[in-house]
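A short worksheet on the structure shown next.
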Amino acid sequence: MLNIVFYFQVHQPYRLRHYNVLDIGQGTPIFDDKLNSDVMKKVAQKCYLPTNKLLLELILKHEGRFKIAFSITGTAIEQFKLYSPETLDSFKALVDTGCVELLGETYYHSLAFLYDSNEFLDQVSMHRDLMQREFSYYTETFRNTELIYQDRLSDLIFEVEGFKTILTEGVDRILQWRSPLYAYKNYSKRINLLLKYYQLADDIAFRFSNRDWPEYPLTVDKFVNWIDKLTLNEKKGHNQFLNLFMDYETFGEHQWAESGIFEFMRHFPAEVLKHDHLGFANPCQTSALANYQQESISFPEAVSWADEQRDLSAWLENDMQRNAIETLYQLFDRIKAKGDEDLLKLARMLSTSDHFYYMASKYFQDGDVHKYFSPYDSPDQAYIYYINALAELEERLLR
Amino acid sequence: MKILMFTWEFPPLISGGLGMACYGMVKALLSFGIQIDLVLPTREMVYFPLRQVRDADSLPAVFFDQKKQSIFESKVFANMRERLEYIGISERPESYFQVADLKRFTISTRKEYWLSQVRTTEEQELWQDLTNNLIGEEDLIKKVQEFTLRAERIAKLLDYDLIHAHDWLCYPAGMITRKISKKPLLVHIHATEFDRAGGPGDERVHKIEHAGMTYADLVIAVSKYTAQMIMSRYRIDTAKIRIVHNAFSISENAVMSQERIFKGPVILFLGRITLQKGPDYFLEMAQKVLAVHPDARFIMAGTGDMSRKLLRRSASLKLRNRFLFTGFLNRKQVERILRAADIYVLPSVSEPFGISPLEAMAYGITAIISKQSGVAEVVNHAFKIDFWDVDLWVETINHLIENPDKRRKMGLEGMREVNRIQWKQAAEEIRQLYSATLAAHRRQQTN
């Protein structure tokens with residue numbers, strides 16, 4: 001049996017205002033409420049609301065056989081409440097079906113794991129509390145920001161009670177001869193690992209509307225046929241997992257409605273379920289479904305799902321990014337020591353990984369993606385506003 | 001006395017010291033009853049007849065074209081800004097950018113005309129130099145060409161006793177006007193290409209600068225430093241050179257009381273971020289000072305072709321949130337940043353004058369200025385250091401941070417000193433030069 005494991009990332013950052021040196025100490029807001037509200041409303045209309053509606057229909061129609069998972073960040077939930085409460089309600093309706101798993105992550109979609117383990121664990125537990133509060137849901141599966149993973153992460157997550165599975169990217173240089181279709185164990189054999197099957201996931205997330213792609217247009221028949229073929233090599237009856245992880249904004253935002261992405265999704269589950277040996281599973285079920293000795297796999301270096309390199313270079317490649325993030329984490333301890341909750345909240349809002357993504361100066365193909373997602377004219381601008389905001393934070397700290 | 005004055009900058013059309021200097025100078029000259037017809041690189045063909053002191057702020061304009069003038073007169077503008085926009089003045093001229101890597105193109109169509117009626121071979125060479133060098137495809141050169149052609153019309157249209165042209169962008173205009181009107185030409189050197197480029201720079205600009213100074217009846221340099229440059233690099237006849245230092249008059253409505261942004265000491269760089277201004281030395285100082293005084297804040301205010309490089313380098317030096325960039329600041333914002341600063345530094349590699357430190361000192365800020373500057377000749381209550389002696393800059397900044405009382409005392413003395421360096425006095429020197437030039441010119445004509 002091959003189980004398709006859908007996981008969709010739902011995230012919106014708090015974007016900064018064009019924050020100048022002369023704004024420091026003036027009490028001017030750091031974040032661009034207008035822009036954040038506009039983006040949230042736009043994405044809700046184009047993606048969240050129509051896709052949630054579609055998925056709810058599909059779940060009800062297939063009576064428990066179609067399953068999906070979401071990871072929803074704290075900054076997204078907060079902004080739903082501020083700018084699009086109906087979106088939050090529609091997610092609640094989905095979770096209420098029982099076919100939707102919610103994943104755990106850092107509340108602020110941060111890179112804290114790489115810089116401050118205590119802050120990381122704080123944000124993980126804040127997020128779990130949030131899921132309890134909003135959805136009465138207890139998270140058992142963890143995904144770190146941008147699927148960033150290395151062995152040390154599994155050690156940290158193992159120490160947090162209740163997490164049994166971690167999702168990450170099926171990076172070729174780690175997998176080598178191994179297939180991402182099996183459930184693995186982490187290096188210490190204590191946590192279940194699911195690896196994204198990036199070729200097929202990215203066919204939907206990145207290539208779906210690309211007319212230069214030889215396989216364009218991607219039809220349901222074609223895609224299910226490819227999936228069907230994946231099962232040919234498995235002769236011992238082992239359960240396999242096709243992990244299709246992607247940004248939720250793929251639906252209607254990155255791939256516009258006109259591309260046919262909604263129609264694709266509307267017909268996909270029924271086509272899959274026509275095959276007896278194909279189905280859907282939630283990440284939390286995979287450990288029990290793995291009817292074989294799970295091989296352990298080690299990630300000595302950090303990987304992620306971003307860009308061609310699938311490493312940390314989207315956020316931490318250039319000097320601006322590194323100076324910005326190091327400055328932020330040096331402030332954290334001092335802010336905590338002072339016990340100023342408002343200031344801590346601000347620092348955490350600034351810990352969201354998107355801020356560092358906007359500062360990426362990598363050229364080639366990936367630069368386009370960065371540019372698409374950035375509210376600023378250039379990486380330099382993003383850096384200047386961010387550093388100015390950190391200067392403001394430090395002045396408040398000294399007050 | 002009536003002056004026809006060409007300049008590339010005048011408030012609100014301003015990017016640096018040239019605009020500030022012209023404004024202060026013109027205002028003071030007007031107060032002596034001197035009349036000035038001002039010509040700027042505006043989009044529309046206009047000149048500004050300035051008759052009273054307040055005209056320097058209100059900028060009354062006259063179109064060359066009668067029809068356009070009557071349309072202009074019938075228009076009602078909500079404010080000054082709207083009126084200036086109609087004429088085509090922006091707040092950010094692209095004046096002193098480096099004119100590098102230029103393609104030469106042969107000959108402007110006006111070359112024959114410009115070369116006609118030249119008598120001596122020297123004169124011929126001069127015009128050859130001008131016409132052969134005022135060529136290029138880039139916007140700035142094209143603007144200078146157009147400005148020069150415009151001057152040809154102005155020369156015949158207006159009535160004036162003397163021509164006063166500021167910096168190389170306006171020299172061709174000054175030259176053509178002198179040629180047509182046979183009125184004396186005074187050229188004013190605020191900066192040479194050597195200063196701007198921080199090295200040899202563009203040869204075409206040198207040639208135009210040389211032609212302008214040679215053709216002029218009198219050359220005014222803004223400092224001894226610049227006069228020496230003109231003599232040694234351009235070989236201009238010393239008898240023709242006069243030195244008039246710039247000055248600084250604070251605007252009446254400026255608010256100057258300190259208003260801190262940062263708790264820690266603030267060290268300010270204010271100017272174009274170009275090689276000439278030594279921004280890389282500023283960064284080096286910051287790195288060394290911050291190692292000792294991490295609570296200090298270094299602010300780089302302005303923009304320029306080195307901004308990006310400096311930004312990247314400041315990040316690579318891991319100066320955290322202690323080295324900040326403001327980007328372009330308008331006048332109001334400049335005043336606010338000055339009110340927040342404790343120490344002003346001008347590490348210019350070559351600064352013909354440097355008005356900005358005078359402004360900083362007027363705010364009571366302790367100034368440290370490059371020895372390679374004209375302003376160093378006129379102030380005593382400021383530290384003067386060779387631009388390259390980074391360790392001494394660092395030592396001085398550290399000393400001032402560690403001794404705030406001394407810093408404030410020095411700032412106060414500097415403020416008193418700068419308040420005495422008024423444009424009235426500098427303008428008086430210029431007025432005398434006008435008179436002497438006119439007298440000499442009349443003698444020549446009667447002979």
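Just so you know, all these numbers are worked out from the coordinates, no wet-lab data involved. Being a predicted model, the structure only gives us computed values, none of them experimental. Note that each Cβ is placed from the backbone with ideal geometry, even for glycine, and that neighbours are counted across all protein chains shown.
In region B:266-420, how does Rg compare with the Kirkwood Rh, expressed as the Rg/Rh ratio over alpha carbon atoms?
When Rh is taken as the Kirkwood radius, the ratio is 0.93.
Select from region A:231-261 those chymotrypsin sites (Phe, Trp or Tyr not before Pro) which occupy a DSSP coil region and have at most 15 other Cβ atoms within 10 Å, ordered by residue number.
A:TRP256
Counting residues in the protein assembly as shown as N, plug N into 2.2 N^0.38 Å and put the Cα Rg over that result.
Compactness ratio reported: 1.21.
Taking Cα atoms of region A:1-45, Rg/Rh with Kirkwood Rh, to two decimals?
Checking Rg against Rh, the ratio lands at 1.31.
Suppose the Debye formula is applied to equal point scatterers at every Cα of chain B; what is log10 I(q)/I(0) at q = 0.09 Å⁻¹?
Normalising to I(0) and taking log10 leaves -0.59.
Once label points are set 7 Å from the Cα along Cα→Cβ at both B:ARG442 and A:GLN176, what is their separation, rounded to one decimal in nm?
9.9 nm
Can you put A:TYR329, B:TYR225, A:TYR292 in order of Cβ neighbours within 10 angstrom, beginning with the fewest?
With the fewest neighbours first, A:TYR329, B:TYR225, A:TYR292 line up as A:TYR292, A:TYR329, B:TYR225.
Percent of Cα-Cα pairs per 10 Å bin, from 0 to the last occupied bin, for region A:198-339, please list those.
P(r) for region A:198-339, in whole percents per bin: 9, 27, 28, 21, 11, 4, 0.
What is the packing order of peptides B:327-339, A:303-315, taking the mean over residues of other C-beta atoms within 10 Å and listing the highest first?
Taking the mean over residues of other Cβ atoms within 10 Å, the ranking is A:303-315, B:327-339.
Across region A:46-122, how many lysine pairs separated by 8 or more positions, or lying on different chains, have Cα atoms within less than 22 Å?
Lysine pair count for region A:46-122: 9.
Go from 0 up to the bin containing the longest alpha carbon distance in region B:273-365, width 5 Å each, and give me the % of pairs per bin.
Using 5 Å bins, I get a P(r) of 3, 12, 24, 26, 23, 11, 2, 0 for region B:273-365.
Can you pull the one-decimal nm distance between simple spin-label points at B:GLU402 and B:SER70, each 7 Å off the Cα toward Cβ?
Going from the B:GLU402 label point to the B:SER70 one covers 7.5 nm.
How big is the antiparallel share of DSSP beta bridges in the protein assembly as shown, given as a percent to the nearest 5?
In the protein assembly as shown, approximately 15 percent of DSSP beta bridges are antiparallel ones.
Treating the Cα atoms of chain A as identical point scatterers in vacuum, please give the log10 of the normalised Debye intensity I(q)/I(0) at q = 0.08, 0.11, 0.13, 0.14 Å⁻¹, two decimals.
Computed log10 I(q)/I(0) values: -0.41, -0.80, -1.14, -1.33.
Need one number: convex hull volume per residue for region B:190-327, Cα atoms only, in Å³.
Here the figure is 152 Å³ per residue.
Given +1 on the Cβ of Lys and Arg, -1 on the Cβ of Asp and Glu, and no further charges, what dipole in debye does the protein assembly as shown carry about its Cα centre, rounded to the nearest 20?
Dipole magnitude for the protein assembly as shown comes out near 2380 debye.
What is the dipole size for chain B, taken about its Cα centre, with +1 at each Lys and Arg Cβ and -1 at each Asp and Glu Cβ, in debye to the nearest 20?
Once rounded to the nearest 20, the dipole reads 540 debye.
I need the calculated FRET efficiency for the pair A:LEU82 and A:SER378, taking r as the beta carbon distance and R₀ as 25 Å, to the nearest 0.05.
The formula returns an efficiency of 0.30 here.
To the nearest 20 Debye, how big is the dipole of region B:309-406 about its Cα centre, given +1 on the beta carbon of each Lys and Arg and -1 on that of each Asp and Glu?
With Lys and Arg at +1 and Asp and Glu at -1, about 680 debye.
Modelling each spin label as a point 7 Å along the Cα-to-Cβ direction, I'd like the A:THR97/A:SER209 distance in nm, to one decimal.
A separation of 2.4 nm, rounded to one decimal place.
Over all residues in B:321-329, what is the mean tally of Cβ atoms on other chains that come within 10 Å of each residue's Cβ?
For this peptide, the per-residue mean of nearby foreign Cβ atoms is 6.
Fewest Cβ neighbours within 10 Å first, please rank A:VAL272, B:VAL292 accordingly.
B:VAL292, A:VAL272
Using 0.36 nm times the number of residues separating A:GLN294 and A:ARG152, minus their current alpha carbon distance, what extension gain do you get?
49.2 nm
Report the normalised scattering of region A:75-216 as log10 I(q)/I(0) at q = 0.14, 0.17, 0.21 Å⁻¹, calculated by the Debye formula with identical scatterers on the alpha carbons.
At q = 0.14, 0.17, 0.21 Å⁻¹ the computed log10 ratios are -0.80, -1.08, -1.30.
If r is the Cβ-Cβ distance from B:LEU157 to B:GLN52 and R0 is 25 Å, what FRET efficiency results, to the nearest 0.05?
Given R0 = 25 Å and the Cβ-Cβ separation, E is 0.70.
Which of A:LYS345/B:LYS309; B:LYS2/B:LYS68; A:LYS185/A:LYS229; B:LYS224/B:LYS332 have a Cα-Cα distance over 27 Å?
Check vs 27 Å cut-off fails for A:LYS345/B:LYS309; B:LYS224/B:LYS332.
Evaluate E = 1/(1 + (r/R0)^6) for B:ASP237 and A:GLN330, where r is the Cβ-Cβ distance and R0 equals 45 Å; express this FRET efficiency to the nearest 0.05.
0.15
For region A:168-200 and region B:249-267, what is the separation of their C-alpha centers, rounded to whole Å?
For region A:168-200 versus region B:249-267, the Cα centre distance is 60 Å.
Which angle between 0 and 90 degrees, to the nearest 10, do you get for helix B:307-316 versus the longest principal axis of chain B when only C-alpha atoms count?
The angle comes out near 10 degrees.
Is it possible to state the helix-based mean residue ellipticity at 222 nm for chain A, with each DSSP H run of 4+ residues giving -39500 (n - 2.57), the sum divided by total residues, to the nearest 500 deg cm²/dmol? What is it?
Roughly -14000 deg cm²/dmol at 222 nm, from the helical runs in chain A.
Listing A:TYR383, B:TYR86 from the residue with the fewest other Cβ atoms within 10 Å to the one with the most, what is the order?
So the ranking, lowest neighbour count to highest, is B:TYR86, A:TYR383.
Using just the helices of chain B, give the 222 nm mean residue ellipticity in deg cm²/dmol: DSSP H runs with n ≥ 4 each add -39,500 (n - 2.57), and the total is spread over all residues, rounded to 500.
After summing the helix terms and dividing by residue count, I get -14500 deg cm²/dmol.
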